[in-house]
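Colleague: Below you'll find the structure I mean.
No lab work stands behind these numbers, since they all come straight from the coordinates. If you're wondering where the values come from, they're calculated on a predicted model, not measured in any experiment. Every residue, glycine among them, receives a Cβ derived from its backbone with ideal geometry; neighbour counts consider all protein chains shown.
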Amino acid sequence: MEAVIEAQEKQHNRRGRNASIVFAILVIIVMILPILTYPTPPPGQEGILVNLGLPDVGEGDNNAGPAVPAEPEPTPPQPETTPPPPAESTPEPEPQPEKEVITTEDPEAIRLREQEAERKRQQAEAERQRQAELEAERQREAEAERQRQEAEAERRRQEEAAQKTKDQIGGLFGDGSGKGNTGTAGNQGDPDGDPNSDNLSGVSEGVGSNIGGNLKGRGIVSSPKISKATERGKVVIYLCVGSDGSVTQASLQLRGTTAGASAQQQALANAKKWKFSPGQLDKQCGTITYTFALK
């Protein structure tokens with residue numbers, strides 16, 4: 001592109017130089033032309049106007065009346081002469097105004113510049129469309145991920161509800177996971193007890209435990225027992241379970257805890273050893289309430 005523009009500038013400079021030389025030659029010819037032309041015959045001498053009157057008589061500013069003409073003397077006939085033709089006067093040439101140099105662009109250069117501008121416009125439009133498509137794709141992926149998460153949460157909720165119903169119904173007939181920590185299907189408890197109670201055994205002696213929170217429907221694989229109670233009261237342990245059933249977090253919950261420090265340490269150490277059945281959730285939390293009773 002730069003080479004084309006440079007070639008055009010050289011061509012315009014060459015044209016302007018040639019036009020200046022031709023104009024200067026014309027001006028010189030016009031100035032020399034009057035010198036080279038000479039009228040034939042040469043022009044006569046110009047005269048002056050003289051007032052009518054007598055050479056030695058006259059006073060004032062007014063013209064005198066017509067004088068009595070004297071008898072004219074006969075004049076010999078003069079031969080007819082042809083007046084010389086008037087001399088041709090060459091008018092001085094008027095100064096020519098300086099011509100304005102008009103530069104014109106090469107059509108090829110104009111076409112190339114227009115093509116370059118159109119190419120850049122098309123590239124910008126294509127980039128804008130690509131960005132719009134990427135943004136639309138990101139929005140579709142985000143919406144699909146949101147729907148997937150909602151569907152997964154709904155599926156887990158339905159599975160938990162179905163498992164809970166199955167455990168409640170299956171425990172009545174000896175199948176299903178039921179409630180308890182014996183590892184055998186069914187509900188652990190006292191045959192004469194209340195089916196709506198969460199207590200698995202009496203509290204007349206030893207230590208009893210009660211599952212609460214979101215861990216109520218979670219099956220128990222193993223739950224080590226506290227063989228000896230050192231004091232009376234209750235200890236509430238808050239714990240979280242992973243998808244494999246192992247305890248990932250355990251801490252003392254002061255609300256509801258009435259036993260002393262010794263019982264609290266026994267309950268906390270025991271809760272960390274529990275093992276629940278595998279589940280779909282990566283983290284499921286609840287409580288274990290220990291009831292300490294002395295004989």
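Colleague: Which ordering of F23, F276 is given by a fewest-first count of other beta-carbon atoms within 10 Å?
Modeller: Final ranking by Cβ density, sparse to dense: F23, F276.
Colleague: Continuing with this model, one more query. So what's the net charge close to A250: Lys and Arg +1, Asp and Glu -1, counting the other residues with Cβ under 11 Å from its Cβ?
Modeller: Taking every other residue near A250 into account, the sum is +2.
Colleague: 7 Å from Cα along Cα→Cβ at both S243 and K10: what's the point-to-point distance in nm?
Modeller: The two pseudo-label positions are separated by 7.6 nm.
Colleague: Within 10 Å of each residue's Cβ, count the other Cβ atoms and sort E159, E118 from fewest upward.
Modeller: E118, E159
Colleague: With respect to the cross-link table entries K164/K234; K225/K273; K228/K273; K216/K275; K225/K283, which display a Cα-Cα separation exceeding 19 Å?
Modeller: As for pairs spanning more than 19 Å Cα to Cα, those are K164/K234; K225/K283.
Colleague: Set the Förster radius R0 to 41 Å, insert the Cβ-Cβ distance between K164 and E133 as r into 1/(1 + (r/R0)^6), and round the FRET efficiency to 0.05.
Modeller: The computed FRET efficiency comes out at 0.30.
Colleague: When you count, for each residue, the other Cβ atoms within 10 Å and take the mean per peptide, how do 124-134, 263-273, 249-259 rank with the highest first?
Modeller: So the peptides 124-134, 263-273, 249-259, ranked by packing, come out 263-273, 249-259, 124-134.
Colleague: Which FRET efficiency value, to the nearest 0.05, do you get for E143 and D282 by plugging their Cβ-Cβ distance into 1/(1 + (r/R0)^6) with R0 = 30 Å?
Modeller: For R0 = 30 Å, the calculated efficiency reads 0.80.
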